[in-house]
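One structure below.
Where a number appears in this text, it was derived from the coordinates with a stated rule and is not lab data. Model, not experiment: these values are computed from the prediction. Don't worry about glycine lacking a Cβ; one is built from the backbone with ideal geometry, like all the others, and counts go over all protein chains shown.
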Amino acid sequence: MTTMRNYILKKSILCLLYVITAYFLEIITFRKLGLGAFPEYFGPTFFFITAIAILLFIIPYYIPSMVLAITFLGVQMALSFVNITLWTNLGTFFSWDMLKDTDETRTVKGAIDYGRLLPLLGPIVLFTTLALLVFFQIKNAHFDLKSRSALTLSMILCVSSFIIPVTYKIQINSLYQDISSTDIILRNDKKLYNEMTYKMEFFRKFGTYPMYVKNIVLGQPFGNLERAIDDGYFSLEQAEYYKHIDGIWEMDKGNNLLVIMMESGDEFLIHEKYTPTLWQLRENGGVNLSNYHSKNKTDISETSFILGSYPTDTRLVPNWGKGVVKDPMVPSIYNFSTPNRLKANGYTANYFHMNLGQYYSREYSHPAYGFDEAYFIESYDDILTPEGISYANDHYLRWEIPEKLFFEKAVDEILPDQDEPFFSMITTINPHENYNTNISTYSRPFYNRIDDEDFPDLASHSYYQPFKRTLSRMMVMEEGINYLIEQMVERGIMDNTTMLFYADHQAHDVNLVKMFKGNNVNDPYGYRVPAFIYSPSISHVSIDEGSGQISVAPIDEEIDAITIDKFTHVYDLAPTIFQILGIEANSRCYLGYDAFEPENISVAFSALGGIFNDKFMTSDMSKKLWYEPEATVEDWRAFQTQCLRQKAREPYFNSLYSKTGIRAEFED
């Protein structure tokens, strides 16, 4: 009897220590993140921590229970540390899918502050010490199935295993919902908990344990499949076409389209002296989206332009072949996609990326999006380094392939000689940097050309050398762009080719972003990146025969390049291009708006965390994480209203990406 009582006492103390330590770690995490002390809803956290405590209690031996408790606390500590680091540097939180993209998660490796680990490590060290002390102090304790204490304990566990899940269910069913009013902001916490649509807001409201347990249970993070509400929503009969703006509509009708997504091409990397072609194209080339923002990973920025939207139900993403399902959907489902809309108007469509086709499974996804062909490094097996090593065969070398070298191999596919217009989309690679941060052999001459006297305010900064390294890689990318422009001039297609340039996200090195844009991850300015359009209806490109210097200037002194200073983001790009090229498009199939229409207010819902425009940053559409000091109450109301409109459309867009959902009907 005594040994059983001692056993119950030891296990009770162990479980109590675990519960206290888990709560203490959660408090530290929330305090470090500036989110208060606890999640807004404490019930789910209580359920998961209590469920683990019961598991620890029913394991019949003390040491395995202690080891398992330390394991749970260690995982919680690691997640907290990663979240604090990601939030401080990128304004996002960790999710299990990031483990598939380990290269991408190395983005913040240079900004890790291990000092943040100490406050989290302390409680675990204390727990381990006390747990061992209990083990050695309470002797003669083992489980005795025949004792009355064991029978009593079994009854308590049976009752607890019934009461706790029921309490949890009651808590979930009572989560706040308000979808009845458009005068106040939409709040539907039950839907958020069930679907995990926005991880920043989910973490703030429910905490660590619910987030990562549900993240595993759902299999693929953040989203839950919704079927269509109205089978006619995207049909041609109910089509809502974009308003065509006089003077813009069809100004480049029938032109070729060349789209270049500049990997990590932040605005401070476009320099009048060192990247003069990009600088001129932005300032004089036609249309400068000077207030363009992006807080996305590369694949989402790329796909969001191609499709004009992105599902909040990311369990649909594997259906496109992203590392899980190798059987892409039938391309006709994506007949609203940019390549398919252009093909419906007589274009061919090809995609190019300077990496392996397996990277983000583009070899499967992009043909499904509607591209006729997708080309990668392995498409040109003779692309070698100066030392004769294949770029395709070395992980780090793949991030150093010069754009010009790839473009020389692929030029006939990028700029096909044909009667019909072409659409070619290229994702570059060099500004991203190699993950080992060395100066590549190819970029070193560009690095050596950078004069420290041109950056007197930066030369003494600790991250000036990484800035020079990144700028030199931007220069390598521009060399490739110059080659394509020279080829277009030589082939006589420069004056009938429209070009779109946009960055997928801010600079790869977050320390550079902090150096140029400040430390506040909630300030949208940190996510403002270049996006601009070269239009031969507005500007002309010429090449000096002697120096080979490329110049971009308006075709007429009376015609000025257009600067659009309203907030725009990636969803606005496809509708804007459709406007310029005169492509009919059902506006219901796209989350963004034509940038030329001043009445439309865009809002960015970032998969990395945050809902924002250039005036506000919020996580739940009701509390401001940041706001522009001159923003008015009316601005806040307009922002909230647009958030509501976009949120209400999510079920329809998820249905677009479902195999059993709606297809966007076009009869061309």
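What to note about this one:
- Inter-site label distance for T632 and N496 at 7 Å from Cα along Cβ, in nm: 4.8
- In the structure shown, the pairs K32/K623; K297/K404; K190/K623; K297/K647; K468/K566; K517/K615 are assessed against 28 Å; a Cα-Cα span above that value is assigned to K468/K566.
- The phi-based Karplus calculation (6.51 cos²θ - 1.76 cosθ + 1.60; θ = phi - 60°) puts the 3J(HN,Hα) values of the range 260-272 at 10, 8, 8, 4, 6, x, 5, 5, 6, 9, 9, 10, 4 Hz, whole numbers, x for Gly and Pro.
- For the range 470-549, GluC sites (Glu not before Pro) are listed when DSSP marks them as loop and at most 14 other Cβ atoms sit within 10 Å of their Cβ; the list is E545.
- Inter-part distance where the range 286-315 and the range 603-632 are each reduced to a Cα centre, Å: 17
- A cut-off under 13 angstrom between Cβ atoms defines the neighbours of M261, and their net charge, with Lys, Arg +1 and Asp, Glu -1, is -3.
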